[in-house]
Amino acid sequence: MATSFDPRTTWFGWGRTLLALAHVLTLALTGPAYLMPPVIGEGRVPQCGGIRAVSAYCLGGAEIGQEWRRWFMVALLLVVASGYRPRWTVLPHAWIAFSIGVSISLPDGGEAIARIICLLIIPLGLIDDRRWHWQAATTRLRPVPQGIAFAAFLGVRIQLAALYLQSGISKFGVPDWLNGSAEYYILRNPLFGVAGPLKPLLLWMSNSPVIVAGMTWGAIVIEVVIAVFLLSSARWRRIAFLLDIALHAGIIATMGLWSFSLIMIGSAAIAALPDAPPAPAQLPAEPALETPAQVTPRETQLSPAT
C-alpha cells in the first residue's frame, strides 16, 4: 500500500482547511486578553521560556502588540484554508498550531490534537507540489518521500485511533457514563450545556431515560467504532469519518464546541485518505509492449514487385 500511497487528494485539502478554519474561529472571535488571562501559579502569560520562545506570541518581544500577532496568524491561516501551495504553507500552519497550543492560558483537547496532527502532516504537505490542494496531482511521487509520507499518515491514524479509544473506554470509569445518565447532566451544564433554538427540544428529549441512555452509551460506542475503523481499510476509514461528523455535529448542537469539533473532523478527513488515488491525469500512459504477433517483419510488408 505504501508504494501506491499519494496524499495529494481533496481529502487532504478538506482536512487542512477545517484545521485552519478552527483556529481562525478561535483567534478572530476571541481577543488575546481572553485567550491569555493570568492564571494563578503559572506566572506571566504567554510564557516564552525554552521551546516556547519560538511561538508566534513570543517572537519579536514586547515591541510587537498581541493584536498585530493575532491578525497576522489569522491572515496566514486563511491562506492555508484557501488551499494555496500546501508545500509552502504546511510549516507556517504547524508553527501557528504549536503557538496556540503552548501559549494560551487554558488550551483544550482540540488545541493539543491540532498541534500533533499539524506536526504529523508536515511530510504530507512537503511532497504536495500542487498549486491548490483542491486540484488533482499531475506528477508522480518518488519512492523515499512517498514512504516517509506514508509513515506520517499511519501516525495520524494511530494517534486518532488511540485518542478515540481512550476517550470511549475511560468513560466506563465514570458512574454517570456507566449508568447512562451523563448526557442528562451535560445538556443542563450552566457553562457548556445546550443553548439556542435546539434547547427546548433537547431538554424535552432528555426527560426520557431511554433517550438519555441511548445518547450516552451511543457516544461511547461511536468513539470505540471510530477508533477501530481508522485502523482498517480505506472503505472503513470513510465510514469512521462519517461517524466522526455525526458525533461532533452532536457535540456542536449540545455544547457549542465549534473549534474543537472542526479540528476533530478535519483530522478524521486526513486519516480517511484513500489507499491509492487515481493516477495523475496529465501524465502520459505507459507504452504498451508489443507481442510477437503484433510485430511484422519488414520483408512481409514489401510487395512482390519490389
Taking the highest mean first, how do the peptides 223-233, 128-138, 19-29 order by number of other beta carbon atoms within 10 angstrom per residue? 19-29, 223-233, 128-138
Provide the net charge surrounding ALA276, with neighbours chosen by a C-beta distance below 15 Å and charges set as Lys +1, Arg +1, Asp -1, Glu -1. +3
Candidate residues TRP95, TRP71: accessible-area rank, largest first, probe 1.4 Å: TRP71, TRP95
Largest fluctuation, ARG85, ARG44, ARG188 only, Gaussian network model of the chain with Cα springs under 10 angstrom, belongs to ARG44
Out of MET36, MET205, MET73, any idea which swings most in a Gaussian network model of the chain, alpha carbons joined below 10 Å? MET205
By the C-alpha gyration tensor axes a ≥ b ≥ c (rounded if a/c is under 1.5, else prolate when a/b exceeds b/c, else oblate), the shape of the chain is oblate
Fluctuation leader among PRO200, PRO86, PRO145 - the chain, Gaussian network, Cα springs under 10 angstrom: PRO200
Heavy-atom accessible area order for CYS118, CYS48, largest first, 1.4 Å probe: CYS48, CYS118
For VAL210 and LEU119, what does the FRET efficiency come to when R0 = 41 Å and r is the distance between their Cβ atoms, rounded to the nearest 0.05? 0.45
Amide H neighbours of TYR84 under 5 Å, counting only residues 5+ apart in sequence or on other chains, H built in-plane at 1.01 Å? HIS133
If the only charges are +1 at each Lys and Arg Cβ and -1 at each Asp and Glu Cβ, what is the size of the charge dipole of the chain around the Cα centre, to the nearest 20 debye? 280
In nanometres, the difference between 0.36 nm per residue of separation and the alpha-carbon distance of GLU63 and LYS199 is 44.4 nm
Using a 1.4 Å probe on the protein heavy atoms only, what accessible surface does GLU42 show? Give it in Å² to the nearest 10. 100
Per the C-alpha gyration tensor (a ≥ b ≥ c, the square roots of its eigenvalues), segment 73-170 is rounded if a/c is under 1.5, else prolate if a/b beats b/c, else oblate; here it's oblate
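The values are calculated or read from the model by the stated rules, or taken from the named source; none is laboratory data. This is a predicted model, so every value here is computed, not measured. Every residue, glycine among them, receives a Cβ derived from its backbone with ideal geometry; neighbour counts consider all protein chains shown. Just the protein is used for accessible areas: all its heavy atoms, side chains included, with ligands, DNA and RNA removed. Shrake-Rupley method; radii C 1.70, N 1.55, O 1.52, S 1.80 Å.
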